[in-house]
Amino acid sequence: MTERRSSLQIALPVGLILILGIINVLLVRQNLGLRKQLAAGGRTLDLTTNVLKPGDVVAAVTATDLDGRPYQLKYQKDGRHRLLLFFSPNCPYCEQQSPLWRDLLNNVDKDRFTIVGVVSDREDRQLVAAHAEGAGYFKAKMPLPIVFFDNESLGNYKLTATPTTLLIDEDGKVEHAWVGKWDESRVMEVAAALKQEN
């Protein structure tokens, strides 16, 4: 009986080690397959699937500014388009995007465009202010007002990925939605879109 128990005590750990070894080999094979897929240009995450599209219409929003006061983002026949810059203070792509947005603030026609920085109301206000200060948004030719959207407003505007830039006409109709950091071709596309809006 003790001999049988002894062989069982040896067989059980050996069996577990064998099973774990097989699982490990399968995981290594899966990992290698995924690496091949990525190297060959496999599926990547598409952040544009849940974003506003040209022609979508958005409604006015009551948000809060950096000081906690109400801020009304509304669309009215005033000859101005709205540019919304959605960012997060801890987003590395927003940091990389900031010189391009600062150039926008320094060069856009303030008679034709209103630019508003949009942040989730879950973000720390001091971090947001420090990020905007460091990016030069407050010292630009057109200083950037920053407003905090609640979850419902973020959902209505489909703002999930940072940075996102929205161009909206005076009727609240989306004309362009640019998700992610701009490359050179995107900079040219934005410049052409802003030049067109007369």
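The values are calculated or read from the model by the stated rules, or taken from the named source; none is laboratory data. Just so it is clear, the model here is predicted, and its values are computed rather than measured. Cβ sites come from the backbone with ideal geometry, for glycine too, and all protein chains shown count toward neighbours.
Six or more apart or on different chains, Cβ atoms under 6 Å: show the pairs whose first residue is in region 119-135 and at negative phi and whose second is small (G, A, S).
The qualifying pairs are A135/S98.
Just to verify a result, which residue in region 33-63, among those that are of a type in the set (A, V, I, L, M) and either surrounded by fewer than 10 Cβ atoms within 10 Å (Cβ to Cβ) or touching a Gly at 6+ places or on another chain (Cβ under 6 Å) (or both), is modelled with the lowest pLDDT?
Among residues in region 33-63 that are of a type in the set (A, V, I, L, M) and either surrounded by fewer than 10 Cβ atoms within 10 Å (Cβ to Cβ) or touching a Gly at 6+ places or on another chain (Cβ under 6 Å) (or both), the one modelled with the lowest pLDDT is L45.
Is it the case that region 149-170 has a residue that's surrounded by 14 or more Cβ atoms within 10 Å (Cβ to Cβ), in contact with a helix residue (DSSP H, G or I) (Cβ under 6 Å, 6 or more places away or on another chain) and among the β-branched types (V, I, T)?
Yes, there is a match, as at least one residue in region 149-170 is surrounded by 14 or more Cβ atoms within 10 Å (Cβ to Cβ), in contact with a helix residue (DSSP H, G or I) (Cβ under 6 Å, 6 or more places away or on another chain) and among the β-branched types (V, I, T).
Do we find that K181 is surrounded by fewer than 16 Cβ atoms within 10 Å (Cβ to Cβ) and in contact with a helix residue (DSSP H, G or I) (Cβ under 7 Å, 6 or more places away or on another chain) in this structure?
no
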